[in-house]
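Right, one structure below, let's go through it.
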Amino acid sequence: MAPKKNDPTKLKKQELDEFREVLLKGRKELLAQARSVIHRENDELIGQPGDEVDQSTAEYEQAFEYRLRDREKYLLKKINKALKRIDEGTYNECEQCSAPIGVPRLRARAVATLCIECKEEQENDEKKYQKRRAYKLDFEL
Ligand SMILES: [Zn+2]
């Protein structure tokens, strides 16, 4: 079960480069997005003359942005982790059962750390507990 050298389940350098690029691009976009949210909040603190935003709308948007920020933090962590896994040579290794994660799955979701079986198992557990609902917003890279 332990991966051997020259294991065909190991990703090719070309594939790893492809995923690294996708992840770096995703991180860049995420940070740009986070920055623009912070800029907007600074503008609001200073106060814009003639800006007559309905209070309830403003409150709603603020709540939305806080949520977004939590989500960004979470996604950033996932991206950094995936990049670390690439460096360590464990990128396509399932965290739970060590089975290789398929390239099509990684292409669909570059931050995946679980193989499809373990992911399904995890999702079933989540359905049972319904706790981390906000984190179920998966990031499609
Ligand atoms: Zn697994």
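Extension gain, GLU59-ASN124: 0.36 nm per intervening residue step, less the Cα-Cα distance, totals 20.0 nm.
Please go through the residue pairs LYS13/LYS73; LYS28/LYS78; LYS73/LYS128; LYS77/LYS119; LYS28/LYS119 and name each one whose alpha carbons sit more than 23 Å apart in this structure. With Cα atoms farther than 23 Å apart: LYS13/LYS73; LYS73/LYS128; LYS28/LYS119.
What length, rounded to one decimal in nm, is gained on full extension from GLU88 through to ASP70, with 0.36 nm per residue of separation minus their alpha-carbon distance?
Numbers: separation 18, 0.36 × 18 = 6.48 nm, distance 2.70 nm.
Full extension from GLU88 to ASP70 adds 3.8 nm.
If I take R0 = 41 Å and measure r between the Cβ atoms of SER36 and SER98 in this structure, what FRET efficiency does the formula 1/(1 + (r/R0)^6) give, to the nearest 0.05? Using R0 = 41 Å, I get an efficiency of 0.55. Working note: Karplus 6.51/-1.76/1.60 with θ = phi - 60° gives the stretch 118-129 the couplings 5, 5, 5, 4, 4, 5, 5, 4, 5, 4, 5, 9 Hz, where Gly and Pro are set to x. The H on the amide N of GLU93, modeled in the peptide plane, is under 5 Å from the matching H of ILE101, each at least 5 residues off or on a different chain. Projected label points at ASN80 and ARG107, each 7 Å from Cα along the beta carbon direction, are separated by 3.0 nanometres.
Laboratory data are not the source of any read-out in this text; all were calculated from the coordinates shown. Since we're looking at a predicted model, the values are computed, not measured. No Cβ is skipped: glycine too gets one built from the backbone with ideal geometry, and neighbour counts run over all protein chains shown.
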